[in-house]
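A short write-up of the structure that comes next.
The values are calculated or read from the model by the stated rules, or taken from the named source; none is laboratory data. Since this is a predicted model, take the numbers as computed values, not measurements. Glycine gets a Cβ as well: all are built from the backbone with ideal geometry, and neighbour counts include every protein chain shown. Ligands, DNA and RNA are excluded from the accessible area calculation, which covers all protein heavy atoms including side chains. Shrake-Rupley method; radii C 1.70, N 1.55, O 1.52, S 1.80 Å.
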Amino acid sequence: MTKYRIAIVGFGVVGRGIGSILHDKREFLKSRYDFDFDVVGISDLIWGTVYDPGGIDLGKALDLVSKKEKLDPLGKVLPDSLAMIRETDYDILLEITPTNMETGDPGYSHIKEALKRGKHVATTNKGPIALYYRELSELAVQNNAELRFEGTVLSGTPVINMALKDLAGCEFSEIRGILNGTTNFILTEMEKGKSYEEALKEAQRLGYAEAKPDADVEGWDAMAKIIIMANVVMGGDISRDDVPRTGITGLTIEDVENARKAGKKWKLVGRAWREGGKVKAEVAPMEVDPDDFLYHVQGVLNAVVFSTDIIGDVTVVGRGAGSKEAGYALLTDMLDIHRKLKGR
Ligand code: HSE
């Protein structure tokens, strides 16, 4: 049995998602995977930073936050996330702070600091991976640490680890999909007659939307995801400024209605493809018809179609956002790290 010391940075919707999964599944993880753990640190801008090498009671942490109370009674109080990452003892950092597509911070600095110390990292934070994948993966190799980020694309629905492992040996000519749960939910609700504003509020209430929903509706979130797929899965080298990006804010209820009358639907589509020896990518709303698989992907569901050279198209469909959905990706990443360390 291996017991991992886990430090969590970011105890928002997704942080609490993995917190409650770990809390509920401890016995199953032990008996099925020989995976045991203590959560030794939790840091959050609102709920504070606490550390207890003997293990923090996750049930109590979830309870305090549900009552909107700080985590201070649960351990030694530290000044901030960087103090926890730099100065405490842990094996795996779960980096779950909000995505920032300008600088990647604070997640970029958190991940760098942990990797420099040889700590393994699993993250759902898209900014650092979309902007600094090469640097961070090299840093991980140099320090003999593992870096995983399944939850950056389609939350817990498997795409990255699946493409890298289960589709190994295939070359991808195109990756195309609905990569954002919030906008697909909004467009689906608009098809049912809801206003854009009502649908966005509902997506926020359900925990789908980013901290600043502009990131969803202006296409930044889908752009981060297609960059990650292009660079990590297709071996591209594209950055933010290489990707033309249009969100859904220009679409009116009339556009949605006109598409419906024509037997079509609007979808926010992210696409990466090969052209002239390079990988290119774009994000834009596109009208799709029922012959296109994406037409049938509704609500918070997302889908990715991998076009491969050996086995044709492989399509993955699943929920693209949500507290436990994204939290689950961190569990798969930790179990993958555990398998690798055990040589299984
Ligand atoms: N806001 C994102 C979405 C969350 O709606 O898809 C998952 O990345």
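Remarks
- Qualifying residue in the stretch 314-336 (condition: free of Cβ contacts under 8 Å to residues at least 12 places away in the same chain and over 18 Å from ASP38 (Cα atoms)): no
- Flag for ARG32 being surrounded by fewer than 17 Cβ atoms within 10 Å (Cβ to Cβ), among the basic types (Lys, Arg) and assigned by TED's automatic domain parsing to the domain that holds GLY118: yes
- Number of the condition not met by THR332 [criteria: (1) within 16 Å of the ligand (Cβ to nearest atom); (2) of a type outside the set (Gly, Ala, Ser); (3) outside the structural domain of MET223 (by TED's automatic domain parsing); (4) in contact with a Phe, Trp or Tyr (Cβ under 7 Å, 6 or more places away or on another chain)]: (4)
- Only a single item in (1) within 16 Å of GLY247 (Cα to Cα); (2) modelled with pLDDT under 95; (3) charged (D, E, K, R) is not met by LYS225, and it is number (2).
- Meets criteria (at pLDDT 95 or above, within 16 Å of the ligand (Cβ to nearest atom) and hydrophobic (A, V, I, L, M, F, W, C)) for PHE172: no
- Residue within the stretch 117-129 that is more than 16 Å from the ligand (Cβ to nearest atom) and over 20 Å from GLY327 (Cα atoms) present: yes
- Selection status of ALA7, part of a helix (DSSP H, G or I), of a type in the set (Gly, Ala, Ser), open to solvent by less than 30 Å² (accessible area, probe 1.4 Å) and closer than 17 Å to ILE111 by Cβ: no
- Of all residues in the stretch 213-230, those satisfying the criterion of being in a helix (DSSP H, G or I) and open to solvent by 20 Å² or more (accessible area, probe 1.4 Å) are ASP214, ALA215, TRP220.
- Residue list for the stretch 99-121, filter: within 11 Å of VAL9 (Cβ to Cβ) and either surrounded by fewer than 24 Cβ atoms within 10 Å (Cβ to Cβ) or hydrophobic (A, V, I, L, M, F, W, C) (or both): PRO106, SER109, ILE111, GLU113, ALA114, VAL121
- Members of the stretch 179-205 found to be surrounded by fewer than 18 Cβ atoms within 10 Å (Cβ to Cβ) and assigned to a loop (DSSP other than H, G, I, E, B), listed by number: LYS192, GLY193, LYS194, SER195
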